[in-house]
Amino acid sequence: MRTSQMLLALCTVTLLHQVRSDDPVEFKALTPEVFALLNEAVWVNCSTPDPKTYFETRLFKKDNANGTNWVATEVVVDDWEMSTMYCYLSPDQDDKKSPITVMAYALPSKVTIDIQPLLEEEKESTINCTVHDVAPQELLTINITRGGDVIDSKSYGGPHVLDKRTVSHVYTFTASRGDNDMNFSCEAILQLGREQKRTKSPEITVQTYALPKPVLDVPKWIELNTQFNAECTVANGFPPENINIKMVVEDTPYDVESLAKDGAIKATTQLWANYSDPGLKSIRCEAQLFNFYNENEAEVNVYELPIINFALSSNVVDRWENVTASCYVTNGNPEAYNVTIAVYGDDEKSLEKSASTHTFTACRGTPRLPVTCTAYIIGNTDLFSEITRTLEVYAPAEFDESLCPSNPLLVEGKSKFSCQAEGHPKATVECSKDGRQISNMEAVTKDMTGTYTCHATNQKGNDTKSVTVIVEYPPTTPIVTVSFNVTITIGDPFNITCQSDGLPSPAYRWLIPDNAEVQYSEDNTSIIISAAEQSHGGPYLCMVRNAHGQSLEIEEMTVVAPGVNIGLIVGLVVAGVVLVALVVLVRYCVWNKNRTGSYWLLGSTNRPGHTNGNIPTAPTASETKVSMTEILQHGDGDS
């Protein structure tokens, strides 16, 4: 057997390191490092041009061999020391040597991996790789693989370590869903020169999971003997198909219906709050995934609405009479409720928790006084019961400024008179002045201004009050008067006066002919012309205005030259008018014989066009006033 091994080694050396005779031969060790299992023999060789080349070593030389341009020796590696042997060129040239390191090695007896097969997502996990009985340690590398890919590596290096060792390497990582169903393993690699010796651990397939804390959704307050829904949600659990949820109420489990949607597991159940005693109850949601559990718990308040007994000492009283209201809760635990009594919405809380007695004076001026008893659950004022009793309060008739103002300001055509009185039964009110009565809700006119005496009466008493009524109204149509005549001779003085009635007193404004020089009275009601000129002829418009409206009137003034016979002018004007009237009458009669219908005859310069066969009518005086109003609004402002 030994001979076969030696021949095999020699053949290998010959085949690997044989050189051609015509190539120069370099003196050197063919491998700088040689490795052997402990107590095993290994061949070491050198290439050399000198057949006298020899080896020197502390190791036991078991055999020697040589050939053309090479020498070899077989040594036994029987300890863990790192040995250095030398290949000398020849005894005559002992300064020429080539070192060779010889080491013993031991393959691991086993490689193990320690990792939990179930990994919680987003939590740190560890992988512990252990390499047993390996040597030399400094040549060891440990790789950790996931799905065949190296995810971590540890090389030891360092000084030579004697004997075999068992070494471990721990790798920490954060588990993710990408690790699910992946194979993890450890691999030990001994780097023996150019050769690697690999030993792998068994593979472990892991499964990742995520079991977040469930979210429990239940009402905080539940009425006794009613049904309610409880909902428990596990969001982003993994794998969702393996998550189981159950609901536990006061240690009693309940069936639930689970639904997976958008990565969440939602479980719902309908519960019945049929407890013998209201109060705090515990509801727990338990989620299970494999052998892992997570839960959430909530407390709900099971309550019973209070049943109230409420009474008044009297249901009908006179004003300023005392009344006692009694209210208390008749069901459940009285300590669970608070009671308040409110008179006309004002809370007057009791000193006791579940019962209240309150005495008050019926002093409000209202015929029907609401008195309310409210019992609410301590800790939640939104849960309550209440009863309202109506107290009939009789009071004598009495005037109040808000219902019957002493000085009402009214507007004609817009306001109505109103004077009412408090009291129960309802009071009747009559107001009169100098024998004239004014009734409630009557539309007022300006002649109703004055001071009235108002009487209020009911079965409990009466009251009297003076009311001064002031009725304001818009300006009346102004009256424009001219001193002397509307036809004035040049050089004569004349005045134009405008008067209107209104409350408040109206303000006066004028629109006069262009270039007319005039003076105004202090209150603006009159225009004063000391000497008439031709420019003073034309329309004069007076406009009056107050807070309630406006009105206007126009007067046309004619200014003539001196010496003109006014009577003659008037006679000629009258004759001309009569002549025109006769001509029009004759033409009308002739025309009427040939055509039926009626037409409005205008001069050619003023005749409006026909529209859709209808004959337009002549403008009215009111339309002329509107036109002048528009002129005033766009005119030169105040006079």
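The values are calculated or read from the model by the stated rules, or taken from the named source; none is laboratory data. Note that the structure is a prediction, hence the values are computed from the model and not measured. Here the Cβ positions follow ideal geometry from the backbone for every residue, glycine too, while neighbour counts run over all protein chains shown. Calculation scope for accessible area: heavy atoms of the full protein, side chains included, ligands and nucleic acids excluded. Shrake-Rupley method; radii C 1.70, N 1.55, O 1.52, S 1.80 Å.
Does the range 269-294 hold any residues that are surrounded by fewer than 16 Cβ atoms within 10 Å (Cβ to Cβ) and in contact with an Asp or Glu (Cβ under 8 Å, 6 or more places away or on another chain), and which are they?
Listed by number, the residues that qualify are L280, S282, F292, Y293.
Only one of these conditions is not met by T428: (1) over 30 Å from G345 (Cβ atoms); (2) free of Cβ contacts under 8 Å to residues at least 40 places away in the same chain; (3) in contact with a Ser or Thr (Cβ under 9 Å, 6 or more places away or on another chain). Which number is it?
Going through the list (1) over 30 Å from G345 (Cβ atoms); (2) free of Cβ contacts under 8 Å to residues at least 40 places away in the same chain; (3) in contact with a Ser or Thr (Cβ under 9 Å, 6 or more places away or on another chain), T428 breaks only (1).
Out of all the residues in the range 210-239, which are open to solvent by 40 Å² or more (accessible area, probe 1.4 Å), outside any strand (DSSP E or B) and over 17 Å from Y275 (Cα atoms)?
Passing the criteria: P212, K213, N236.
Could you tell me which numbered condition A532 fails, if it satisfies all but one of (1) in contact with an Asp or Glu (Cβ under 9 Å, 6 or more places away or on another chain); (2) not in a loop (DSSP other than H, G, I, E, B)?
(2)
Considering only the range 505-528, state which residues are in contact (Cβ under 8 Å) with a residue 24 or more places away in the chain and in contact with a helix residue (DSSP H, G or I) (Cβ under 6 Å, 6 or more places away or on another chain).
If the condition is that a residue be in contact (Cβ under 8 Å) with a residue 24 or more places away in the chain and in contact with a helix residue (DSSP H, G or I) (Cβ under 6 Å, 6 or more places away or on another chain), then L511 is the only one that fits.
Kindly indicate whether K52 is touching an Asp or Glu at 6+ places or on another chain (Cβ under 8 Å), among the basic types (K, R) and either open to solvent by 40 Å² or more (accessible area, probe 1.4 Å) or in contact (Cβ under 8 Å) with a residue 60 or more places away in the chain (or both).
Values: touching an Asp or Glu at 6+ places or on another chain (Cβ under 8 Å): yes; among the basic types (K, R): yes; either open to solvent by 40 Å² or more (accessible area, probe 1.4 Å) or in contact (Cβ under 8 Å) with a residue 60 or more places away in the chain (or both): yes.
Considered against the rule, which asks whether it is touching an Asp or Glu at 6+ places or on another chain (Cβ under 8 Å), among the basic types (K, R) and either open to solvent by 40 Å² or more (accessible area, probe 1.4 Å) or in contact (Cβ under 8 Å) with a residue 60 or more places away in the chain (or both), K52 comes out as yes.
Is it fair to say Y303 is modelled with pLDDT under 90 and surrounded by 12 or more Cβ atoms within 10 Å (Cβ to Cβ)?
In short, no.
From (1) polar (S, T, N, Q); (2) free of Cβ contacts under 8 Å to residues at least 24 places away in the same chain; (3) out of contact with any strand residue (DSSP E or B) (no Cβ under 7 Å at 6 or more places or on another chain), pick out the condition that doesn't hold for S90.
(2)
Within the group P108, P159, which residue is open to solvent by 60 Å² or more (accessible area, probe 1.4 Å) and either modelled with pLDDT under 95 or over 60 Å from the mean Cα position of the chain (by Cα) (or both)?
P159
Taking Y473 and the conditions (1) touching an Asp or Glu at 6+ places or on another chain (Cβ under 6 Å); (2) closer than 30 Å to I496 by Cα; (3) open to solvent by 60 Å² or more (accessible area, probe 1.4 Å), which numbered condition does it fall short on, given that it satisfies the others?
(3)
Output the qualifying pairs, or none if there are none: Cβ atoms under 7 angstrom, residues six or more apart or on different chains, first residue in the range 238-266 and at pLDDT below 90, second residue part of a loop (DSSP other than H, G, I, E, B).
Note: pairs meeting the criteria are G263/N236.
Considering the range 178-209 alone, what residues qualify as being outside any strand (DSSP E or B), open to solvent by 80 Å² or more (accessible area, probe 1.4 Å) and farther than 28 Å from L30 by Cβ? Spell out how you get there, then give the answer.
Step one: filter the range 178-209 for residues outside any strand (DSSP E or B), giving 178-182, 193-194, 201-203, 206.
From the residues that got through so far, the ones that are open to solvent by 80 Å² or more (accessible area, probe 1.4 Å) too are 181, 194, 202-203.
Selection gives D181, P202, E203.
Tally up the residues in the range 319-336 that are farther than 11 Å from I378 by Cβ and touching a Ser or Thr at 6+ places or on another chain (Cβ under 8 Å), please. Step through it out loud before you land on a result.
Taking the range 319-336 and keeping what is farther than 11 Å from I378 by Cβ, we get 319-332.
Keeping just the survivors that are touching a Ser or Thr at 6+ places or on another chain (Cβ under 8 Å) gives 320-329.
Residues flagged as farther than 11 Å from I378 by Cβ and touching a Ser or Thr at 6+ places or on another chain (Cβ under 8 Å) within the range 319-336 amount to 10.
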